[in-house]
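Worksheet for the structure shown next.
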Amino acid sequence: MKAFLIGAALVLLLATVWFIVRRRTVSPGGDTDLQQAMIGLSEEAVQIARVQHAVVLDYSVESVEKVEGILAARGGMPFEHSPEG
């Protein structure tokens, strides 16, 4: 169950980054621009978590759980796994 939650949080995080990247205008130039945008957005997410939620994020499992907590406090996950499937 914990592995599922970690996986779901990572998928949600990646989907959020993808959505934000798609909303922003990325100049034509290939993967390098996309990579730079993703780096910038991840740095921005870490800063928002620190400033607005007093949460320090890194690339650990505990950080994923902290992100889940922030999302839950903001009204829940966009999708949640039910035991029935």
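Being at pLDDT 75 or above and surrounded by 11 or more Cβ atoms within 10 Å (Cβ to Cβ): is that true of Ala72 here? Considered against the rule, which asks whether it is at pLDDT 75 or above and surrounded by 11 or more Cβ atoms within 10 Å (Cβ to Cβ), Ala72 comes out as yes. Do we have Val17 as under 20 Å from Ile70 (Cβ atoms), at pLDDT 80 or above and not charged (D, E, K, R) here? No: the conditions fail for Val17.
Matching residues to (1) modelled with pLDDT of 85 or more; (2) surrounded by 10 or more Cβ atoms within 10 Å (Cβ to Cβ); (3) in contact with a Leu (Cβ under 6 Å, 6 or more places away or on another chain):
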position: Pro28; (1), (2), (3): no, no, no
position: Gly40; (1), (2), (3): yes, yes, no
position: Glu44; (1), (2), (3): yes, yes, no
position: Gln47; (1), (2), (3): yes, yes, no
position: His53; (1), (2), (3): yes, yes, no
position: Leu57; (1), (2), (3): yes, yes, no
position: His81; (1), (2), (3): no, yes, no
position: Glu84; (1), (2), (3): no, no, no
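The values are calculated or read from the model by the stated rules, or taken from the named source; none is laboratory data. Here the structure is a predicted model, which means the values were calculated and not measured. Every residue, glycine as well, gets a Cβ built from its backbone with ideal geometry; the counts of neighbours run over all protein chains shown.
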